[in-house]
1. Among the residues of segment 23-55, how many are within 16 Å of the ligand (Cβ to nearest atom) and either touching a residue at least 24 places away in the same chain (Cβ under 8 Å) or farther than 27 Å from residue 173 by Cα (or both)?
2. Residue check: is residue 84 within 26 Å of residue 184 (Cβ to Cβ), out of contact with any strand residue (DSSP E or B) (no Cβ under 8 Å at 6 or more places or on another chain) and either within 11 Å of the ligand (Cβ to nearest atom) or in a helix (DSSP H, G or I) (or both)?
3. Within segment 1-19, can you find the residues that are more than 10 Å from the ligand (Cβ to nearest atom), within 19 Å of residue 130 (Cα to Cα) and not in a strand (DSSP E or B)?
4. Hey, among 61, 70, which residue is within 23 Å of residue 10 (Cβ to Cβ), assigned to a loop (DSSP other than H, G, I, E, B) and within 14 Å of the ligand (Cβ to nearest atom)?
5. Take the conditions more than 17 Å from the chain's Cα centre (by Cα), at pLDDT below 95 and within 16 Å of residue 185 (Cβ to Cβ) and apply them to residue 149. Does it pass?
6. Pick from segment 95-137 the residues that are under 14 Å from the mean Cα position of the chain (by Cα) and assigned to a loop (DSSP other than H, G, I, E, B): which of them is nearest to the ligand (Cβ to nearest atom)?
7. Count, please, the residues in segment 184-199 that happen to be over 18 Å from residue 21 (Cβ atoms) and surrounded by fewer than 16 Cβ atoms within 10 Å (Cβ to Cβ).
8. If we keep just the residues of segment 21-43 that are in contact with a helix residue (DSSP H, G or I) (Cβ under 6 Å, 6 or more places away or on another chain) and assigned to a strand (DSSP E or B), which is nearest to residue 102 (Cα to Cα)?
Ligand code: TMP
């Protein structure tokens, strides 16, 4: 079977981790070799860049530095992990990919999407996911879930509601313009309902 590249996206608190584990298990049950990875991260260098990006900094970080660090981590990840896996015939299941940059650095920070597109064209060489699940829920619900977790909030989680509203809107707009690739999953449903929907979409892909 041809390899496939799947990513999952959503604002903080959308329940990505639980669903990532479910998708991985479902695909493995179908006899598929799945490489599970994440962004920013997925390589040694990428994980170091992730720490730089997520650790709160008193002096802040410019929007352009944030954007370029996301792509630096991604360039390494694509080269070392994603392309080799797809070339072997494995499937890749990635916790966030380039849609997150359009949503967070584009929608959230306000960087022009044409600029992000240019860097994506240059560094990804046409690579895009075959399928992306967008776990969607109202920002306030996501924030309540994040605040209920133990531990300190990272540099993104410390942002205000309006930042996440812009991100959510940007994700939803992308889903509207690419409905075949980006599937919106309502995260406000029960886990069972969500998983039925995931299974049905994955089954179509496997058919
Ligand atoms: P995570 O908490 O889902 O692992 O993601 C880490 C954070 O990085 C999350 O707040 C979203 C953010 N992010 C971006 O801002 N742009 C990107 O391109 C990616 C991949 C993540």
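1. Filtering segment 23-55 down to residues within 16 Å of the ligand (Cβ to nearest atom) leaves 23-24, 36-43, 45-55.
Remaining after also requiring either touching a residue at least 24 places away in the same chain (Cβ under 8 Å) or farther than 27 Å from residue 173 by Cα (or both): 23-24, 36-43, 45-49, 51-55.
Qualifying residue count, segment 23-55: 20.
2. On the way: within 26 Å of residue 184 (Cβ to Cβ): no; out of contact with any strand residue (DSSP E or B) (no Cβ under 8 Å at 6 or more places or on another chain): yes; either within 11 Å of the ligand (Cβ to nearest atom) or in a helix (DSSP H, G or I) (or both): yes.
When the stated conditions are applied, residue 84 does not pass them.
3. If the condition is that a residue be more than 10 Å from the ligand (Cβ to nearest atom), within 19 Å of residue 130 (Cα to Cα) and not in a strand (DSSP E or B), then 1, 2, 3, 4, 19 are the ones that fit.
4. Values: 70 fails: assigned to a loop (DSSP other than H, G, I, E, B).
None of the others qualify; the one that does is 61.
5. no
6. Among those that are under 14 Å from the mean Cα position of the chain (by Cα) and assigned to a loop (DSSP other than H, G, I, E, B), it is 96.
7. The initial filter retains those residues of segment 184-199 that are over 18 Å from residue 21 (Cβ atoms), namely 184, 186, 188.
From the residues that got through so far, the ones that are surrounded by fewer than 16 Cβ atoms within 10 Å (Cβ to Cβ) too are 186, 188.
Total meeting the criteria: 2.
8. By that ranking, first place goes to 37.
The values are calculated or read from the model by the stated rules, or taken from the named source; none is laboratory data. The structure presented is a predicted model; accordingly, all values stated were derived computationally and were not measured. So basically every Cβ, Gly included, is an ideal-geometry build from the backbone, and we count neighbours across all protein chains shown.
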